[in-house]
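The values are calculated or read from the model by the stated rules, or taken from the named source; none is laboratory data. What you are looking at is a predicted structure, and each value in this text was computed from that prediction instead of being measured. Positions of Cβ are generated from backbone atoms using ideal geometry, with glycine treated the same way; all protein chains shown enter the neighbour counts.
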Amino acid sequence: MSFATVTRALAAFMRGAFGGAGGRATDSPPPLPPIRANAFICPPSDEPAARAGIVGVTLGDLEKIIEQRGREALVGLSSRTVSEQHDLKARTAATGGPVVYVQHNLDALFLSLVDGLRQWEARQPVGSAGHRYHIAGITGPATADDMDGVQRSVQEASSLLLVLPAYNDDSCFADVHCIWPLAAAVKGAKRIDIATDEQGERAFIRELLVFPHRPVDHVAAVSVAHPTFVSEQHKSMMAAVAEAPTFPVLNKHLADAMKQWMLAVAQAKLVAPNDAHMRVDTVALQRGIDKLGGHEGAAKWVPHGLRDAFSRATAH
């Protein structure tokens, strides 16, 4: 396929064409029950380095790995390594709750990913159906088929969840392969959520207490308009994003998602300010919440089961 053909195809994808995504075992881990996978994921590419991901798993599936192997054995292992060891790309019948497309650096820590998903699920409305996760990534030269698969996977999902190592880690917004599914989510009117692990949440709370202007400034500065380009093909992908949904629209959706995450984390801490890891000055925390948007605008982001407690905590 010529470069010109790839360029035209990539531009067509973001203008409205929708079109799926895809280890080898490195040791012999304890056997796991069959993993449920999404029916719309394509078989592995002819270019093995181009596709990677964890397909169709539930949080329970991932926690089962931790339970069987022990946390100590998983410390320092990346999501990619664990995925290969447990063949989390196996394709079986798709069953269960809604699919959430997860954008995550597969070279980041597996335990951090699981904790981030756990934190996100804890804030979903009471009675939400069990979610299945399509945790995907592109790790090598992206072909037109690869990017078509990413776009279709996002469109088939109920929402997109961006799992970050820290709330102010902007590395994703400089990576074309991260920007592409985010743009597809906006174009497809999919909700974008953000999550970090528990350690990342605590770091955010500390900064909100001591330097409340920093989170506010970070929301205002969210931008994907100037990523690091590594090839002419990446430039053509960004040109397609610039055409639809456009950078200002994408940046606003990401800033809104970041602010919603901040408010949800801060409000949850306001309800339960003290735990084994930190004790919080609730007056200072309220000031931080006010800087982020105030209680009135924030209240709708409180988890359903905590709304009464949140109302009492902010009544004075």
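One table, with the values for the structure above:
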read-out	value
Residue within segment 201-211 that is at pLDDT below 90 and in contact with a Phe, Trp or Tyr (Cβ under 8 Å, 6 or more places away or on another chain) present	no
Residue in segment 129-160 that is modelled with the highest pLDDT, counting only those that are buried (at least 24 other Cβ atoms within 10 Å of the Cβ) and in a loop (DSSP other than H, G, I, E, B)	A157
Every residue from segment 236-275 that is part of a helix (DSSP H, G or I), surrounded by fewer than 22 Cβ atoms within 10 Å (Cβ to Cβ) and of a type outside the set (A, V, I, L, M)	S236, E243, F247, P248, N251, K252, H253, D256, Q260
Condition met for G305 (out of contact with any His (no Cβ under 7 Å at 6 or more places or on another chain), at pLDDT below 90, under 17 Å from L208 (Cβ atoms) and part of a helix (DSSP H, G or I))	no
Test: residue in segment 257-271 that is within 30 Å of K187 (Cβ to Cβ), among the basic types (K, R) and modelled with pLDDT of 90 or more	yes
Test result for G297, farther than 30 Å from D146 by Cα, modelled with pLDDT under 90 and over 21 Å from the mean Cα position of the chain (by Cα)	yes
Pick from segment 85-101, criterion closer than 22 Å to L161 by Cβ and modelled with pLDDT of 80 or more, ranking: surrounded by the most Cβ atoms within 10 Å (Cβ to Cβ)	Y101
